[in-house]
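Please read through the structure below; I'll follow up with questions.
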Amino acid sequence: MIKEISLLGSTGSIGTQTLEICRAHDIKPIALTAHRNSELLEKQAREFLPKLVCIYDESLYSELKNRLADTNIKVLSGMDGLCEAAAVKTDAVVNSVVGMVGLMPTATALEAGNKVALANKETLVTGGEIIMRLAKEKNLPILPIDSEHSAIFQSLMASGGSRIEKILLTASGGPFLGYNYEQLKSVTKEQALKHPNWSMGHKITIDSATLMNKGLELIEAVWLFDTKPSDVEILVHRQSILHSAVEFEDGSVIGQMGAPDMKIPIQFALTYPNRLCCPSKRMSLFDVGTLTFERPDEDTFLCLKYAKKAIEKKGTACTVLNSANEEAVQLFLEDKISFYRIGELIADAFENVKSSNNVTLDTIFETEKAAREYVRSLVL
Ligand code: MN3
């Protein structure tokens, strides 16, 4: 079992819950990194005494350095620091940063021989082809933390090597399930940030409201489980109790259920293949009562439609999709565009930004730059 980890994105929602698991099972984080929250990072550093900490925003480096001046903890910043944290020799790197900023650290962790527990879906959305190849070359597992992918991973443990016929990827539907185009046009940021079942960071909460989150997860599933996009079926499941399932050739469907609590998949990624007591919520099927399933509305929720187009196209098309989404969500959170405009911008970028069939880190970052600039040029 894992004794120590490097935790990238320790001050976010997944990061703080990962530290709860660390406390419960005496796992030591030897590296901690944050985007901008130096106050919480200092607090975490004082509690866990890691070898190093990194603040991604370089303008906060001196502040963090001062905060920790009386300790022996090495203080780093920027992408170099993040990659150094990913490369420390450890039992696993937990990557829970937000956005495709997580791609380089994931590649670096694997290059350094570290196994990866992955919550950063943008890593696989943009770099799935190279990351999965690298993991195979290095013979290192990528253990999914995303709850749906953890559920699929757990369901596959029952496969006995049999062929998968279909992956059933469940979606809560977000706060605007059932809304039509006219209704979506007038929703506010406050409404979009209220997720019915999960408590998460802002980026993923908006992604859940546009259904882009499910689009990104579909792409993530294609890479993680080496499956065709058409073999992944998305089911809107309002209760978020069945976290996803797999259908085998004999028609058996095996899924994983539980309370909607991220500590369960986080812990499983760290204790796999063992199951230990978890400081999580519990589910009562009596309280849940009914489980419902319906098809998503792709004509209204453009993001999902374009995510499917992107994974069918392959190459760096998924990077166009993802980068356009990251920019559009940022613009929405800054009150510069309306909610519905997010999907329109992504559709526009997908049709007009050139993607490459040759997927390398260089072509990914070139595509990212072009897509971000394109979206900003349409708005600002
Ligand atoms: Mn998920």
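Every number here is computed from the coordinates shown, using simple stated rules; none is lab data. Worth saying up front: this structure is predicted, and the values here are computed from it rather than measured. Heads up, the Cβs are rebuilt from the backbone with ideal geometry, glycines too, and the neighbour counts pull from every protein chain shown.
In the stretch 309-358, which residues are in contact with a Gly (Cβ under 7 Å, 6 or more places away or on another chain) and part of a helix (DSSP H, G or I)? It would help to see each step written out before you state the result.
Residues of the stretch 309-358 that are in contact with a Gly (Cβ under 7 Å, 6 or more places away or on another chain), as a first pass: 326, 355-357.
The answer is GLU326, and nothing else.
Here's something else I'd like to know. Just checking, does the stretch 269-285 include any residue being more than 16 Å from the ligand (Cβ to nearest atom) and under 18 Å from the mean Cα position of the chain (by Cα)?
Yes, because at least one residue in the stretch 269-285 is more than 16 Å from the ligand (Cβ to nearest atom) and under 18 Å from the mean Cα position of the chain (by Cα).
Taking the stretch 173-188 on its own, how many of its residues are closer than 11 Å to PHE301 by Cβ and of a type in the set (Ser, Thr, Tyr)?
Final tally of qualifying residues: 2.
Also: Tally the residues that are out of contact with any His (no Cβ under 7 Å at 6 or more places or on another chain) and surrounded by fewer than 20 Cβ atoms within 10 Å (Cβ to Cβ), restricting the search to the stretch 185-221.
Result for the stretch 185-221: 17.
Take the stretch 121-178 and flag every residue that is within 12 Å of the ligand (Cβ to nearest atom), assigned to a loop (DSSP other than H, G, I, E, B) and out of contact with any strand residue (DSSP E or B) (no Cβ under 7 Å at 6 or more places or on another chain).
Initial filter on the stretch 121-178 (within 12 Å of the ligand (Cβ to nearest atom)): 121, 144-152, 169-172, 174.
Still in the list and also assigned to a loop (DSSP other than H, G, I, E, B): 145-146, 172, 174.
ASP146, SER172, GLY174, listed by residue number.
For the structure I just gave you, tell me whether ALA117 is within 16 Å of the ligand (Cβ to nearest atom), under 18 Å from LEU270 (Cα atoms) and part of a strand (DSSP E or B).
yes
Let me ask another. Taking into account only those residues within the stretch 220-243 that are under 16 Å from SER147 (Cβ atoms) and in a helix (DSSP H, G or I), which is farthest from the ligand (Cβ to nearest atom)?
Top of the filtered list is LEU224.
Follow-up question, since we're still on this one. Please report, ordered by residue number, the helices (runs of 4 or more DSSP H) entirely within the stretch 1-106 with at least 1 residues that are touching a residue at least 40 places away in the same chain (Cβ under 8 Å).
Output list reads 13-25, 78-87.
Within the stretch 281-289, does at least one residue satisfy the condition of being among the hydrophobic types (A, V, I, L, M, F, W, C) and within 24 Å of LYS185 (Cα to Cα)?
Let us first name the residues in the stretch 281-289 that are among the hydrophobic types (A, V, I, L, M, F, W, C), namely 283, 285-286, 288.
Those still in the list that are within 24 Å of LYS185 (Cα to Cα) too: none.
Looking for residues that are among the hydrophobic types (A, V, I, L, M, F, W, C) and within 24 Å of LYS185 (Cα to Cα), one finds none in the stretch 281-289, hence no.
SER77 - would you say it is surrounded by 17 or more Cβ atoms within 10 Å (Cβ to Cβ) and within 16 Å of the ligand (Cβ to nearest atom)?
no
Does GLU182 qualify as being within 15 Å of the ligand (Cβ to nearest atom), part of a helix (DSSP H, G or I) and not aliphatic (A, V, I, L, M)?
No.
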